[in-house]
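Heads up, the thing below is written out as structure tokens.
The values are calculated or read from the model by the stated rules, or taken from the named source; none is laboratory data. All of these numbers come straight from a predicted model, not from anything done at the bench. FYI the Cβ positions are ideal-geometry reconstructions off the backbone, even for glycines, and counts take in every protein chain you see.
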Protein chains: 2
Amino acid sequence: MELFNYFRSSASYRVRIALALKGLDYDYRSVHLARNEQFDPAYASASVSRLVPLLRDGDALVSQSMAIIEYLDETHPEPALLPPDALGRARVRALAQDIACEIHPLNNLRVLRYLSKELGMDEDNKNRWYRHWVESGLAVVEQRLAGMSGAFCHGDTPGLADCLLVPQIFNAQRFDCRLDHVPTVMRVFEHCMTLDAFAKTQPSACPDAE
Amino acid sequence: MELFNYFRSSASYRVRIALALKGLDYDYRSVHLARNEQFDPAYASASVSRLVPLLRDGDALVSQSMAIIEYLDETHPEPALLPPDALGRARVRALAQDIACEIHPLNNLRVLRYLSKELGMDEDNKNRWYRHWVESGLAVVEQRLAGMSGAFCHGDTPGLADCLLVPQIFNAQRFDCRLDHVPTVMRVFEHCMTLDAFAKTQPSACPDAE
């Protein structure tokens, strides 16, 4: 397998964690977003959206990080990244989507670029925007996790929701977001980071890290 | 089952379509977002995020539209809304996420409110912002669909991706977005609208429509 990704892309990091949790080998293909390598013809011919991550598995190309992780979970079932029961699966998917649909899309690189370059938003307002969605979005995740007794987002094994949560916290820290209002989130985050699958795939450990 | 939703919420419409495709009965509970009913204590006690849709199934509460649709597909398997093969499932989920993660989050009501009320963005720039993400996002979906021969997003039966696509086109039309660059998308949309499951659940047909 080949993973087209970028060290700083949190959607890429989600998939690196999932691959590591499953112990799957892959070739790391760097697509340097800050240098606009996603628009190179070589990448554009594989990626319709020019987004990362993109997984190549034999002849198949799979896009969208959550779809890639579910694909890996279906094609390499052990260890499972989703619970066995429909309600547990719904809870984990909803948690993942609380991050992937409510927080991250508002704060990715192309959106921040559009705000500053096309709409002339200044740095202060851009940072307010960023922090607003991270801090309010994580407050929702906190409420969902609070009262759960597991070490991870769902029970005592890492799964899909943890693959989404950890990269979001890296982004939050990079942009100096407030995190003292989400103690359960941070407990799960810190527990995840004790595992190699999360620690060895983090942005600073990637081959294209700067 | 009870569906907490709002006629104009496109995420709500996704779930109404899925329930209709499966022929499932439910009680329609209106949460009028424009009147801020999502902040009423009665709803806040059920919904951590104050977002719609929210499905109540017995004692269970399921949030996030894609998670709800997959939950319905697992608990009521016929007719299936996802293909049987892992690669087909990945393709359909990625298409759904092209809409749910790349287009819709940038344009929902709370985001538009934040842009105008908190950041002082004027109406013209807000409309540019809206159209930019819809038009560029649908261009990606168009490329993914072009060359496929099916009547729907994936083959000749409606599924998860169609549940996401149709409400996004309703939004695009409401905001006068350009659609002439996405002919395959529009062919699928128009075919979907010949089916009762899509037509009878559309915003204007809802009990709380204005």
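Residues in region B:53-68 that are in contact with a Phe, Trp or Tyr (Cβ under 9 Å, 6 or more places away or on another chain), surrounded by fewer than 22 Cβ atoms within 10 Å (Cβ to Cβ) and over 14 Å from B:TYR43 (Cβ atoms): 2 in all. Is there a residue in region A:77-87 that is surrounded by fewer than 24 Cβ atoms within 10 Å (Cβ to Cβ), within 9 Å of another protein chain (Cβ to nearest Cβ), more than 16 Å from the chain's Cα centre (by Cα) and not in a loop (DSSP other than H, G, I, E, B)? Yes, region A:77-87 contains at least one residue that is surrounded by fewer than 24 Cβ atoms within 10 Å (Cβ to Cβ), within 9 Å of another protein chain (Cβ to nearest Cβ), more than 16 Å from the chain's Cα centre (by Cα) and not in a loop (DSSP other than H, G, I, E, B).
Got a sec? Which of A:LEU119, A:LEU95, A:LEU106, A:LEU112 is closer than 30 Å to A:ARG50 by Cβ and either crowded, with 22+ Cβ neighbours inside 10 Å or of a type in the set (Lys, Arg) (or both)? Going through A:LEU119, A:LEU95, A:LEU106, A:LEU112 in turn, the sole match is A:LEU95. When B:LYS126, B:LYS117 are checked against the criterion of being free of Cβ contacts under 8 Å to residues at least 12 places away in the same chain and outside the structural domain of B:ALA20 (by TED's automatic domain parsing), B:LYS117 stands alone in meeting it. Give B:TYR28, B:TYR43 a once-over and let me know the one that is over 27 Å from B:HIS154 (Cα atoms) and in a helix (DSSP H, G or I). Exactly one residue qualifies, and that residue is B:TYR43. Restricting attention to region A:91-104, does a residue exist that is facing chain B (nearest Cβ under 9 Å), more than 28 Å from A:GLU210 (Cα to Cα), among the acidic types (Asp, Glu) and not in a helix (DSSP H, G or I)? For region A:91-104, residues facing chain B (nearest Cβ under 9 Å), more than 28 Å from A:GLU210 (Cα to Cα), among the acidic types (Asp, Glu) and not in a helix (DSSP H, G or I): present.
Yes/no per residue for (1) more than 26 Å from B:ALA67 (Cα to Cα); (2) basic (Lys, Arg); (3) in a helix (DSSP H, G or I):
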{"site": "B:TRP133", "(1), (2), (3)": "no, no, yes"}
{"site": "B:GLU142", "(1), (2), (3)": "no, no, yes"}
{"site": "B:CYS177", "(1), (2), (3)": "yes, no, no"}
{"site": "B:THR184", "(1), (2), (3)": "yes, no, yes"}
{"site": "B:ARG187", "(1), (2), (3)": "yes, yes, yes"}
